[in-house]
1. Pick out, from the range B:161-214, the strands (runs of 3 or more DSSP E) lying fully within it that include 2 or more residues that are polar (S, T, N, Q) and in the same structural domain as B:Trp663 (by TED's automatic domain parsing).
2. Kindly establish whether A:Pro134 is part of a loop (DSSP other than H, G, I, E, B), in contact (Cβ under 8 Å) with a residue 60 or more places away in the chain, surrounded by fewer than 18 Cβ atoms within 10 Å (Cβ to Cβ) and away from chain C (no Cβ under 14 Å).
3. Of the residues that make up the range B:417-426, is at least one farther than 30 Å from B:Asp379 by Cβ, of a type in the set (Ser, Thr, Tyr), more than 23 Å from the chain's Cα centre (by Cα) and surrounded by fewer than 23 Cβ atoms within 10 Å (Cβ to Cβ)?
4. Within the range C:57-79, is even one residue surrounded by 24 or more Cβ atoms within 10 Å (Cβ to Cβ), basic (Lys, Arg) and more than 7 Å from chain B (Cβ to nearest Cβ)?
5. Given the residues A:Gly65, A:Gly70, which is the only one that is modelled with pLDDT of 95 or more and under 24 Å from A:Asp164 (Cβ atoms)?
6. Restricting to the range B:59-95, and then to whatever is within 14 Å of chain C (Cβ to nearest Cβ) and outside any loop (DSSP other than H, G, I, E, B), can you tell me which residue is farthest from B:Val260 (Cα to Cα)?
7. So, B:Leu576, is that one crowded, with 18+ Cβ neighbours inside 10 Å and in a helix (DSSP H, G or I) or not?
8. Hey, could you check the range A:99-118 for residues that are touching a Lys or Arg at 6+ places or on another chain (Cβ under 7 Å) and touching a residue at least 24 places away in the same chain (Cβ under 8 Å) and say which is surrounded by the fewest Cβ atoms within 10 Å (Cβ to Cβ)?
Amino acid sequence: MMNFSYTRAETVAEAIAAVAGDPAARFIAGGTNLVDLMKYDVMKPERLVDITRLPLREIEATDAGGLRIGALVPNSDLAYDARVQRDYPLLASAILAGASAQLRNAATTGGNLLQRTRCYYFYDVATPCNKREPGSGCAAKTGVNRVNAILGTSEACIATHPSDMCVALAALEATVHVEGPNGPRVLPFAEFHRLPGDAPQHDNTLAHGEMVVAVELPAPRFGRNHTYLKLRDRLSYAFALVSVAAALEMDGEGIAEARIALGGVAHKPWRVPDGEAVLKGKPATPDSFGAAADVILAGAKGYGGNDFKIELARRAIVRALAQAAAGEPQVQSDKTVN
Amino acid sequence: MSNIHPYVGRATSRVDGPLKVSGLAQYAAEFGAPDLAYAAAVPSAIAKGRVTSLDVSAARAAPGVIDVLSHENKLAFPEDDEPFKNDMVAVPGSPFRPFRDDQVHYSGQAIALVVADTHENARHAATLVRATYAAETPNVDVASAANHYEPPEPRDGIPPTPEPRGDAAGAFAAAPVQVTADYRVVAEHHNPMELQATTVVWEGDGRLLIHNKTQGVVNPKNYICSVFGLDEDKVRLVSPFVGGAFGMALRPHYDVFLAVMASLKLQRSIRLVLTRGQMFTMGWRPDCLQTVSFGADAGGRLTSIQHHAIQATSRYEDYQEPIVNWSGFLYDCDNVALKYELGKVDTPTPSDMRAPGATTGVFALECAMDELAYAAKVDPVELRLMNYSDRDKNDDKPFSSKELREAYRLGAERFGWSKRSPEPRSMREGRELIGYGMATGCWEAMTMPHKARATLTADGKLEVGCATADIGTGTYTILAQIAADALGLDIAEVTSRVGDTSLPMAPVEGGSWAAASAGSAVKSACETLKDELLKRARGIDGSPLANAGLDHVVFGNGRIALASDPAKAVSFADVLKGAGLDKLEADGGFEPDKDFAQTYAGYTHAACFVEVRVDEDLGVVRLARVVSAVAAGKILNPLTARSQILGGVVMGCGMALHEETLWDKTLGRVMNANLGEYHVPAHADIPDIDVVFVDEEDGSNPLGVKGLGEIGIVGTAAAVANAIFHATGKRVRELPITIDKLL
Amino acid sequence: MEIDRLTAAGPTAVSIALKVNGVERRLEVPPSVTLLDLLRERLDLTGSKKGCDQGQCGACTVLVNGRRVNACLQLAVMNDGAEITTIEGVGQPGALHPLQEAFIAHDAFQCGYCTPGQICSAIGMMNEGHAKTEAEIRELMSGNLCRCGAYGNIVDAIEDVMGRSAFKEAAE
């Protein structure tokens, strides 16, 4: 870990100016991923701008009937917020499926969006990695790639986005409020993260100096029929091999609308609207769920060690949809998959 | 005698508990020193080849940097192997020497050491060291090793591979029931919670006080004195607490070597704490390919056992474990052929990890027994009873004690084994398939020479000491229990000390021998102390004990009293006062009983029963419960003994379901060298574990103790794998049994 | 108030105030010093353990303003003004916290290295108030690894302190 200098920002504008004007500067909030990456020498900022004192800690009702979540709201506060527990249980469940209680206490809403891949090669500076060092190559494609992506990969990169929370935010169609040197902008969640393409060094569409200031949830939906199902190599405190956020609006026995987002399989939370559309007007049966899974996973490609994820993802989608349709969401402390 | 005795055999809280729960127990990295400098090791980026250039100029120029050491400016040390073999746990070969030359033997090998005024400045400067390499292609896969060979020089201290007996191949060919299967136990790392660390306190005049994470302070002291030519009187190792080790801290590691080198060169106190990633640049449980073949009669009675193992070792040493030996004595069979081979890989030398050899070999043996149970259509417990061995046919000796039958019976009863329906996939609840599996465990009951001292002071307090280690096993507590019983003291009046080379000699703490050996040595020291006390008590003018022998007196409540008339007594304080002493010291020792060992085979045994739940579609495995029934001689402290078994079982569960060191085969580099991706079990993974101790009388040492550190893990992974087969009908022969293997 | 002057070459040290185990401290700390290293190397509070230094084991768990966090991932300078409770502040021999007593009684540790983190984490969990069942305790304590495998005893110790009757009701 390299030494660095430290600035504490008092206002959003001050923070943005401090980072935008210095290519070697970075924002720091919860630090749960950035400090870790600095210890691995994967990230070597020369200056950290501490944004934890900024007034971005509120969860407020919006005029549209939703919630605006300040970027500095800790993951645990968000998960246990009474409004989130009542109106957005899918989000609460996804957050509680991730990391540990200690990390959730420190990690922030904005930081969760910005956490970087857990690809083993990204973390090891002695190995080639296009995300860490553009042009150096991708050792994961032919290496230990059990945890890597099966969808949306490129020649340059097969990393995944590791967040659980973001998978739920994708399914709920949150929006991301950003401020930067060129003013504020609002992005649909699907446009926040990106696929690796030939520039895997960019995880998302933020420019240097831009800061997430809030995440906005639309008016609550899917309050009854939802689940977050996470499958991993240890029953807690492990990143997802595959996770599924499923949310359904039922119309009697049939499905009126479906949202399905996958975690652990791509460079961003993976949503395929065509796959969701397959379920519209269909009965909630394993056959319908399988048909949706086939569309969502079309084009999935394994790299040897992660081939199993294709079949695992298919089965996880089917099960998650069954849980959602039954109104029996997975309880994260219950290790029996219902 | 007060009613608190005996402590031995009774659940007794850890005497070091208050220190551990309050953060006052000091581990190797936690000792201070004036003017302490901090070191950081720079790891190699390649697994094999040479360092062609090392640019340390930027590191040297960085703030706070005191020095940068490497093979180019090391403190001289001997070229030959011998000084480096002054290591009780050395194995055949040429020991690794950091900074010997420009050669890189494994990925992450320390190629430089930065020393700075603060931890942060050392860490910063370490990132500035630039190396170039001439890399060669490494091989880290034992299956791809150029050749497999039987080790030409056997390792000291482990039993040799038994000679074949009978005609195993012929009996197999003729057997009506045959089972042959290949198993793979993958590489694991110990990953104790504490990082490997050394603090060297430079005391001036060439005197070093070293705090090093070690399973036996004597070993790194001998090694350090030997390799740096230091006067043994000027070096002391003090490591009172060890944050877990499980075998990884048996041999001296590069942290103590480099920290001492830096301290000697800079004449300054040094702290070197390795990173979690660097914990993967030292000993490990080597992966092992195994084939087990059983021939049996139609009823399941074994007629032939063949077990062949090929295990990884480093290029520079022939590390060895007894992998196949267990197959020669655990079951009764007259036709046995066992073979153990090595294959070279470009990694650090493997090291003993909890029940080395047995954990790996018994996994294959006990999975194969389960396969035989299905092939012969016999209940797995019945099969084991049917083939029960009352004699160690490897060495043709009777067992010193073996209550394994009772362990099977009690374990099965506690578990409710009778409720098992034999067919795979025949038990379910909801979407979960239920599996019951079991396996046998065994481990050698060993003892080693130990010395100990008992010191009584005028205030009536007793201190007992031995240079062994307490790596969490409870040694502090059992030594205090033994001593308190011997002198009839309240345990609060007894202090036990370990982990200091100023204490009487002990070897490394491992192999489950510490309780029996150190405990017996302490008992012996206390007996001598009692003798000395009584002698002096008799000599006091008008002593009521004037003619009493040890058989006629009772030690208790700080006095020596006549058994026949307890009113006639002399207090310990009066004995010391009468003799003009402020303390009375007695030395004791323990030597293994060679005659006994020649006559009897000594083993601990266990029967492990596991219930798993497996999601039928998703392959998610959930452990529901474990019963481990253990026959291990006398149990000194049921509370800490149970914890030892729990620990072994949990590590066995990790082995079965989670743990695997993943090497990139091209780069020769461990890719999951951290606790986030090398998965040890977490709270949520571990169910209720029921530990049952079977009564067992054993005469191999004065305490009747056989040791508990290893037995809990042996067989556990097989029991889990067998339960998963019973649940799913899928026989997974390569660990760990992850979700992908059950889809 | 205790004043410590910590100097190190390198980036400018930052002046911060911390209340550690009830003691106010003013410190000059270089930015790259983590809260864990500050406690261990500069304040002689070695009860908080370094097991991974990456937020992957929980051995460094301390309470910052009453909330449990991994001290290894906290920059000390960012905690300016915070109240820190480490295991040393939870209780000391002779005046142990009930949870420390329960850990001893249930033999909820072996090597003791994860223990301060387990205890601080459990206190943090009790403060949070979300663990009502044994399964919830196991899940919410999963950020604290124990390689000695004392998990069952740790859960027993925690349940003991939280009151077994409450769990029995929840289970029924």
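The values are calculated or read from the model by the stated rules, or taken from the named source; none is laboratory data. What you see is a predicted model, and the numbers here were worked out from it, not measured in a lab. We place every Cβ from the backbone using ideal geometry, glycine too, and count neighbours over all the protein chains shown.
1. Details: elements: B:177-185, B:197-202, B:208-212.
The strands (runs of 3 or more DSSP E) meeting that bar are B:177-185.
2. Working: part of a loop (DSSP other than H, G, I, E, B): yes; in contact (Cβ under 8 Å) with a residue 60 or more places away in the chain: yes; surrounded by fewer than 18 Cβ atoms within 10 Å (Cβ to Cβ): yes; away from chain C (no Cβ under 14 Å): yes.
In short, yes.
3. Our first condition is that a residue be farther than 30 Å from B:Asp379 by Cβ; within the range B:417-426, this holds for none.
Within the range B:417-426, not a single residue is farther than 30 Å from B:Asp379 by Cβ, of a type in the set (Ser, Thr, Tyr), more than 23 Å from the chain's Cα centre (by Cα) and surrounded by fewer than 23 Cβ atoms within 10 Å (Cβ to Cβ).
4. yes
5. Checking each option against the conditions leaves just A:Gly70.
6. Applying the first criterion (within 14 Å of chain C (Cβ to nearest Cβ)) to the range B:59-95 yields B:59-66.
Next cut, outside any loop (DSSP other than H, G, I, E, B) only: B:59-61, B:65-66.
On the way: B:Ala59: 21, B:Arg60: 20, B:Ala61: 23, B:Val65: 18, B:Ile66: 15 Å.
Once the filter is applied, the top-ranked residue is B:Ala61.
7. When the stated conditions are applied, B:Leu576 passes them.
8. A:Asn105
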